[in-house]
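Participant: If you scroll down you'll find the structure; I have some questions about it.
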Amino acid sequence: MTTSTASGRTVGRPRARHQAAGRTGKALRMLLATAASGVLLVGLGVTASAEPDTPVRYPTGASATRADRLAFDTCTAPSLDALRAWKSASPYRAVNIYFGGNNRGCTQPNLTASWVRQATAQGWRLLPTYFGYQPSCMYGNKPNRYTASNATARGTSDAKDAVARAKDLGLLPGSALYADVEHYNRADTSCRTSVRRYVSAWTKTLHEAGYLAGVYVHQDSGLRDLSASYDSTTYARPDAVWMARWDGNRSLTGWPTSPNNHWAIWQRAKQYRGDHDETWGGVTINIDSDVIKAPVATVARRYTVTSGTPLNARTGPATSYALVRTYQPGSTLSVVCQTTGQQVGSTKVWNRLSTGAWVTDRYVSTPSTTGFTSGLPRCMYPGQVTANVALNARTGPGSSYPTKGNPLPRGSLAYVMCQAPGNKVGTTSVWNKLRDGRWVSDYYVSSRSNTSWSTPVPRCP
C-alpha cells in the first residue's frame, strides 16, 4: 500500500499486502548420526543454534492448512453473497483478509468470526494479512513505522496482537499469518537490518503461540533481503513468503531475487497482477491477483454427532486411547482436520476437534462414510528442515528404506502427519511421516522435541 487512495487501496507500485534446548552440540552428533544412518543427508551440514529454524509450539487442537490455487486480495473482505457468486463463476478459490494492524487502511464491516466460518464452509481458503508497523524507509505515507532500535519490539507486539485478533476470528493455531512488509529503500542499510529484526521477532512470537509465520514482500526489497539472510543464525526464518511482482507470470519458481531452494515446499505465493476490476457472477470487485502454494488459515468446520448413543472423544485416533469426554447424539462438533486411525465400521478416518480430542468419523455428519471429506484438511504439523543441506526422504521410518522423490532443502517445511519409531538418528528414534507419504527422521526437523515424540503429533497407525 505504498500509495493510498481515500478508500485505503493502493495504486502505483505493487501493493504489499529455538531450536529447543538440547540441540547444543548438534553439529558433532549429526555428523556421527549421518555415518550411522546410511547417509540421510545429501552431503554434510548441520545447524547448531536456535535461528534460523525455530520450532512451532503447536497446542492440542492445532493443525496447519495449505492451499494450491488461484487467489485474490482486496482491501475490504467481500460480502458472503459476493463470495458465493465468485465461487460459482470465477477461477479463484482463496481470498486474503486484512485482519489487523495499525496501518490497515480499510474498514472491515463483514469480517467477523461468523464470516470466517461461513466463507470456509463455502470452500474458500483464507490468507490472513496483518498490516502493522512498517520500515522507516518504506515508500509511501503510512505513519506507524519502526527503526533498527525498536524493530524487535514492534515485531513482537504486532505478532501478539495478530494472534489475539486471529483467535477472535476463529483462525486456529497452525494457521499461517502473513505480515505485510511494504516496498522500502534498500539503500538504507539500517532500515534493511530493521526489516530482518522485525520479521525475526514476528516469526518467533508466532511460533511460540502455535502459528506459522508468513510475510508479504516486494521482490526488490523484502524478498531480496530475507533471502540473503535465509541461513543466518542471527534471524529466525519465516515459514512462507508471498511476493509482489506484477508481471503476469504465475510461476512460483524462477524468481529473480530468491533461489528456488528457498521456501521450496508449499511455502510460496505470488501477487502477479495489481489493482484491477474483475466481474464474476454479476459481482465486480477491485482486486490483485495471486497464485498460492503455501500454508493458509485453519478454520474449524461444524458437523453433528449422528450416533444413537453418546460418541466417545479420545486422546488419539483409536479406541485404545484414553477417553476424554462424550458427545450426545445431535451435538455440534468443531472439526479441525482429519487423519487415518483405527477402522471403525466402514472408515479409518478420525476427526481432530478444536479441543484437541479425536472422534471417529463413522458417527459424524461429514459427507463421506468411508473416506476423507473434501474441504477438510489432513492433520499436519509442519517444522522447518534444520540441516544445512538437502534431507533425503524415504519410503519408511528408517534409514534402511530407499529414498524417494526430491530431497527437502534446508528451511523447507516438513509437513508432518504422524510419528513412528524407527532406527536411532542422533538423539532420537522418532520418524515423521509427511503429507506426501514419505518419511524423514525427526532429528532433522525443527520440532518441540529432539529426543522423543512431539506433542500434539499423533502416532502413526
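Bear in mind these aren't lab numbers, they're just calculated from the coordinates by the rules spelled out. Since the model is a prediction, treat every value here as computed from it, not as a measurement. Cβ coordinates were reconstructed from backbone atoms using ideal geometry, including for glycine residues, and neighbour counts include every protein chain displayed.
Participant: Taking the Cα centroid of region 288-313 and of region 152-179, what is the distance between the two, rounded to the nearest whole Å?
Facilitator: Between the Cα centre of region 288-313 and that of region 152-179, the gap is 20 Å.
Participant: Run the quick spin-label model on Val389 and Ala113: label points 7 Å from Cα toward the beta carbon, then report their separation in nm to one decimal.
Facilitator: 5.0 nm
Participant: While we're here: Can you give the % of DSSP beta bridges in the chain that are antiparallel, to the nearest 5? Intermediate results must be reported in sequence, preceding the final value.
Facilitator: Numbers: 58 of 86 bridges.
Just about 65 percent of them are antiparallel.
Participant: Let me check I've understood the local charge: for Gly170, count other residues with C-beta under 12 angstrom from its C-beta, Lys and Arg +1, Asp and Glu -1. What total comes out? If you can, show how the numbers build up before the last one.
Facilitator: Values: positive: Arg117, Arg165, Lys167, Arg301, Arg302; negative: Asp168.
Summing Lys and Arg as +1 and Asp and Glu as -1 gives +4.
Participant: Ok, one more. What is the percent of Cα-Cα separations in region 311-404 that go past 24 Å?
Facilitator: Summing the P(r) tail past 24 Å for region 311-404 gives 34 percent.
Participant: Over region 301-363, what portion of Cα pair distances is larger than 14 Å, expressed as a whole percent?
Facilitator: Working: 962 of 1953 pairs.
Counting every Cα pair in region 301-363, those more than 14 Å apart make up 49 percent.
Participant: Going by Cα centres, region 208-267 and region 409-449 are how many Å apart?
Facilitator: Spelled out, the Cα-based centre of one part sits 23 Å from the other.
Participant: Could the peptides 333-339, 277-283, 84-90, 213-219 be put in order, highest first, of the mean number of other beta-carbon atoms found within 10 Å of their residues?
Facilitator: 213-219, 333-339, 84-90, 277-283
Participant: Can you give the net charge of the other residues whose Cβ lies under 15 Å from the Cβ of Ala209, counting K and R as +1 and D and E as -1? Present the calculation step by step, with values, prior to reporting the outcome.
Facilitator: Numbers: positive: Arg57, Lys160, Arg165, Lys167, Lys204, Arg448; negative: Asp158, Asp161, Asp168, Glu208, Asp239.
Once all neighbours under 15 Å are counted, the net charge is +1.
Participant: By the scheme Lys and Arg +1, Asp and Glu -1, what is the net charge of all other residues having a beta-carbon under 12 Å from that of Val364?
Facilitator: Charge balance in the 12 Å sphere: +3.
Participant: Provide, in order from the shortest bin, the percent of all Cα-Cα pairs of the chain in each 20 Å bin, continuing until the bin that contains the maximum pair distance.
Facilitator: With 20 Å bins starting at 0, P(r) equals 26, 56, 18, 0.
Participant: Which whole number in µm²/s is D for region 259-311 by Stokes-Einstein, with the Kirkwood Rh taken over Cα pairs at 25 °C and 0.890 mPa s? Working shown, then result.
Facilitator: Values: Rh = 15.5 Å.
It diffuses with D of about 159 µm²/s by this estimate.
Participant: Report the antiparallel proportion of the DSSP beta bridges in region 65-296 as a percent, rounded to a multiple of 5.
Facilitator: Looking only at bridges with both residues in region 65-296, the antiparallel portion is about 45 percent.
Participant: Turning to a different aspect of this structure: Under a cut-off of 24 Å between alpha-carbon atoms, report the lysines in cross-link reach of Lys142, not counting same-chain residues fewer than 8 places apart.
Facilitator: Within reach: Lys160, Lys270.
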